[in-house]
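The values are calculated or read from the model by the stated rules, or taken from the named source; none is laboratory data. Predicted, not measured: the structure shown is a model, and the values here were computed from it. Because the Cβ atoms are built from the backbone with ideal geometry, glycine has one as well, and the counts that use them run over all protein chains shown.
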Amino acid sequence: MENADAIETHYALVAQYLSRFPIKLQSLLVGEVGSYTELFTRSPARLEQKFHDTVARLQEEYHQQNWAERLASSMEVAEQVGARIIPITSTDYPQLLKQISSAPPILYSRGAINNLHLPQIAIVGSRRMTRGGEINARQWSKFLASNGFTITSGLALGVDGCAHRGALDSPCGKTVAVMATGIETIYPRRHAELAEHILKSGGTLISEFHPNEKPLPTNFPRRNRIISGLSLAVLVIEAAIKSGSLITARYALEQNREVFAIPGSIHSPQSRGCHQLIKQGAHLVETAKDIVAELGGALAGVECSAKEALRPSAELNQQESGLLAIMGFESVTLDCLSQATELPAETLSQLLVGLELKGIVCQENGFYQQFP
């Protein structure tokens, strides 16, 4: 260990392997003495009496070196995947996250650390998203990224993955993926290519979990507090009543972050979580511009080379424009559209497929709907 930062990282890592040293106690003691280095090198006699016995026990356990093998394993894995280890006492640690209760003492990071200090919006939602949820996640994320926000999510299937991809669709988009596993274990495995794309595009992967940590069920709610803690606000695209997205929203409220929710059909189970959040005071948003208007002040000094419209530009022919006028914005079946337009089924199907490819119409379980 050649410098003070390396020494501090060493002691911070050791602290994670000591018994009876939970996050809140670490926060209390490090807050009292100023650093992990001081905690393990200062004489307990120089501390307040109420801390004396605890610090003496920790220092004794440190000198027993039962942690050495596990620490060496963590350092080796982190080095293999090119991960940075960021203790909470480091200037590289994101300030917004540091403010939450139970802030993780250690972050493992791959990619651009600077993204952790940029204005972030968390975008979360259902793993079993509808086609409309998929389009909203990707387009809203792209728009927000193009307007200067870094998009943060959990690398999960469904809305999370679409949010990351939407950010990367923007020429200047940045995204942060918060993992519920060790930094070298991509979960789900089908998102390995997405994780690599995030890194190659200047994004960031982070985790609080020790390297080699597997995707345990208890890790996901813990991960969610970091998603909201890094962010100025949380946007919920779609969510059932019982879902991890609502856990993230609850953390956001506890952390004094803004919560936005997109309303949906009263008949859709994937909209009920959003409706519940709105009833509880979340901002109802109809366009991504609503979020920019609410949080735009946080973007002072953030430059982005592209300002894009939410919907991709698309030229419509006369038949397409006429069909959209008849459709309106309610879900409608092919039979109903056929009766209303008096178009042959083959012609109508071709028009609808073209509008789907342009991102203007989506189809879900035999129902077609136009995006406003």
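Among the residues of the stretch 7-54, count how many are under 20 Å from LEU71 (Cβ atoms), assigned to a helix (DSSP H, G or I) and hydrophobic (A, V, I, L, M, F, W, C).
Result for the stretch 7-54: 11.
If THR175 satisfies all but one of (1) at pLDDT 95 or above; (2) in contact with a Ser or Thr (Cβ under 9 Å, 6 or more places away or on another chain); (3) surrounded by fewer than 22 Cβ atoms within 10 Å (Cβ to Cβ), what's the number of the condition it fails?
If we test THR175 against (1) at pLDDT 95 or above; (2) in contact with a Ser or Thr (Cβ under 9 Å, 6 or more places away or on another chain); (3) surrounded by fewer than 22 Cβ atoms within 10 Å (Cβ to Cβ), just (3) comes out false.
Any idea which of (1) modelled with pLDDT under 95; (2) surrounded by 17 or more Cβ atoms within 10 Å (Cβ to Cβ); (3) closer than 30 Å to GLU76 by Cβ is the one SER243 doesn't satisfy?
Condition (3) is where SER243 drops out.
In the stretch 13-70, how many are in contact with a strand residue (DSSP E or B) (Cβ under 8 Å, 6 or more places away or on another chain) and acidic (Asp, Glu)?
0
Looking only at the stretch 313-355, count every residue that is among the charged types (D, E, K, R), in contact with a strand residue (DSSP E or B) (Cβ under 9 Å, 6 or more places away or on another chain) and modelled with pLDDT of 80 or more and tell me the total.
Of the residues in that region, 0 qualify.
Pick out the one residue from GLY132, GLY161, GLY182, GLY154 that is small (Gly, Ala, Ser), free of Cβ contacts under 8 Å to residues at least 60 places away in the same chain and crowded, with 22+ Cβ neighbours inside 10 Å.
GLY161
With the structure loaded, tell me whether ARG57 is out of contact with any Ser or Thr (no Cβ under 7 Å at 6 or more places or on another chain), closer than 19 Å to ILE7 by Cα and among the basic types (Lys, Arg) or whether it fails that test.
No; evaluated as a whole, the condition is false for this residue.
Among what's in the stretch 184-208 and is within 16 Å of the chain's Cα centre (by Cα) and hydroxyl-bearing (Ser, Thr, Tyr), pick the residue that is nearest to ILE86 (Cα to Cα).
Among them, the one singled out is SER207.
From ARG165, ARG84, ARG128, which residue is of a type in the set (Lys, Arg) and in contact with an Asp or Glu (Cβ under 8 Å, 6 or more places away or on another chain)?
Matching residue, one of ARG165, ARG84, ARG128: ARG84.
Say whether the condition of being closer than 19 Å to GLY166 by Cα, of a type outside the set (Val, Ile, Thr), surrounded by fewer than 19 Cβ atoms within 10 Å (Cβ to Cβ) and modelled with pLDDT under 95 is met by at least one residue in the stretch 275-287.
So far as the stretch 275-287 goes, yes, one or more of its residues are closer than 19 Å to GLY166 by Cα, of a type outside the set (Val, Ile, Thr), surrounded by fewer than 19 Cβ atoms within 10 Å (Cβ to Cβ) and modelled with pLDDT under 95.
Need pairs with beta-carbon distance below 7 Å; first residue in contact (Cβ under 8 Å) with a residue 12 or more places away in the chain and basic (Lys, Arg) and within the stretch 243-261, second in a helix (DSSP H, G or I) and crowded, with 22+ Cβ neighbours inside 10 Å; sequence gap 6+ or separate chains.
Once the first residue is in contact (Cβ under 8 Å) with a residue 12 or more places away in the chain and basic (Lys, Arg) and sits in the stretch 243-261, its partners that are in a helix (DSSP H, G or I) and crowded, with 22+ Cβ neighbours inside 10 Å give ARG257/SER228.
Which condition does ILE121 not pass, out of (1) touching a residue at least 24 places away in the same chain (Cβ under 8 Å); (2) part of a helix (DSSP H, G or I), if it passes all the others?
(2)
Of the residues GLN16, GLN49, only one is among the polar types (S, T, N, Q) and modelled with pLDDT of 95 or more; which?
GLN16
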